[in-house]
Amino acid sequence: FQKKIDTFDVVIVLNFGSEDQQVSLQSFREDIARYVQNGGAFAYLGGDRSFGEAQSAINPFEKVLPVSTAGVASLEPFQAKLTPAGERHPITALGTGSVSSEAAWAAFPPIPGMNLTRAKPGSTALLAHPTVAVDGNPAPLLTIAEVGRGRTMAISTDGTWYWAFPSHAAGAPNRNYERFWSNAIRWLVRDPDLTTLSVTADPSSVE
């Protein structure tokens, strides 16, 4: 891992958190931080072992995470809500044709709970809980940050796969779940087609 990490396009960690796992990953703490600082992409997904009591002083990802733990997980199902930043960010841009991104997200089914986290200074929440607040702000579900030359993302749940359920409902498949993950990975690795700002000329060619 230490020899090859700089060749990885993205590192994704899902629901790590038991004490044994945290200790075993400690030897990679500085490698992961260096990888991100030098331009790497890192995504951390929640779950019953990812945040909360699992977030201790030995958490090997603390240096690059865009969030910190904020208490006991909320286990009530809820509908993810776009934040103002999420309404205009390429990761959460799922609108096609006459369907807006807001409508596309509203069509996703509820997910069964989330870890409570707070966004760190300099990070941006794109999705949040519609009613639960942390420090007076909606509890973030999807949070991103630029760390050095790299990019990081935290999703405070391991239940995004619930969003795949309507993909083939009623014989009319859509790809919004796949599009979300495609957008997320492409943003993390700095795909030039997924920049926050794009400029297009009206005529097909200009002098």
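The values are calculated or read from the model by the stated rules, or taken from the named source; none is laboratory data. Because the structure is a prediction, the values reported are computed rather than measured. Here the Cβ is made from the backbone with ideal geometry for all residues, glycine too, and neighbour counts use every protein chain on show. Note: areas computed on protein heavy atoms with side chains; ligands, DNA, RNA excluded. Shrake-Rupley method; radii C 1.70, N 1.55, O 1.52, S 1.80 Å.
Note the count of lysine pairs whose C-alpha atoms are less than 23 angstrom apart in the chain, limited to pairs 8 or more residues apart or on different chains.
Value for the chain: 4.
Would you kindly derive the ³J(HN,Hα) couplings of the stretch 33-38 from the backbone phi angles with the Karplus curve 6.51 cos²θ - 1.76 cosθ + 1.60 (θ = phi - 60°), listing them in order in whole Hz, with x for Gly and Pro?
4, 5, 4, 5, 4, 8
Considering the alpha-carbon set of the stretch 78-154 alone, what are its Rg and its Dmax in angstrom?
12.9, 38
Scattering from the C-alpha atoms of the stretch 28-113 alone, worked out with Debye: what is log10 I(q)/I(0) at q = 0.10 1/Å?
For the stretch 28-113 at q = 0.10 Å⁻¹, log10 I(q)/I(0) is -0.38.
Not counting the cut sites, what is the longest span of the chain without trypsin sites (Lys or Arg not before Pro) that DSSP labels loop and that have at most 16 other Cβ atoms within 10 Å? Spell out each step's value before the answer.
Working: sites that count: LYS3, LYS4, LYS63, ARG149, ARG175, ARG190.
Of all site-free stretches, the longest is 64-148.
Could you give me the radius of gyration and the Dmax of the stretch 76-115, taking only the C-alpha atoms into account and expressing both in angstrom?
10.9, 34
Calculate, for the stretch 21-153, the solvent-accessible area per residue in square angstrom, rolling a 1.4 angstrom probe over the heavy atoms of the protein chains.
Accessible area per residue, the stretch 21-153: 43 Å².
Of all beta bridges DSSP finds with both residues in the chain, what is the antiparallel percent, to the nearest 5?
Roughly 70 percent of the beta bridges in the chain run antiparallel, per DSSP.
Pull out the extension gain between LYS3 and LYS81, defined as 0.36 nm times the separation in residues minus the alpha carbon to alpha carbon distance; nm, one decimal.
Between LYS3 and LYS81, full extension yields an extra 24.1 nm.
When the accessible area of the stretch 58-207 is computed with all protein chains present and a 1.4 Å probe, what percentage of it is carbon and sulfur? The partial results should precede the final answer.
On the way: 4340 of 7770 Å².
Looking at the stretch 58-207 in its full context, I get 56 percent from C and S.
In whole Hz and in residue order, list the ³J(HN,Hα) couplings for the stretch 98-109 that follow from phi through the Karplus curve 6.51 cos²θ - 1.76 cosθ + 1.60, θ = phi - 60°; x for Gly and Pro.
Per-residue couplings from phi come out as 8, 8, 7, 4, 4, 5, 5, 5, 5, 7, 5, x Hz.
In the P(r) worked out for the chain, what percent of Cα pairs fall beyond 25 Å?
Summing the P(r) of the chain above 25 Å gives 39 percent of all pairs.
At 7 Å along Cα-to-Cβ for each site, give me the label-to-label distance between GLU30 and ASP48 in nm.
With each label placed 7 Å out from Cα toward Cβ, I get 3.6 nm.
Of GLY71, GLY46, GLY150, which has the largest mean-square fluctuation in a 10 Å C-alpha GNM of the chain?
Comparing GLY71, GLY46, GLY150 in a Gaussian network model of the chain, the most mobile one is GLY71.
May I ask you to compute the full-extension gain from VAL72 to THR131, defined as 0.36 nm times their residue separation minus their alpha-carbon distance, rounded to one decimal in nm?
Values: separation 59, 0.36 × 59 = 21.24 nm, distance 1.56 nm.
Gain on extension, VAL72 to THR131, equals 19.7 nm.
For the pair GLU178 and ASN38, how long in nm is the line joining their label points, each one 7 Å along Cα→Cβ?
Spacing of the two 7 Å Cα→Cβ label points: 3.4 nm.
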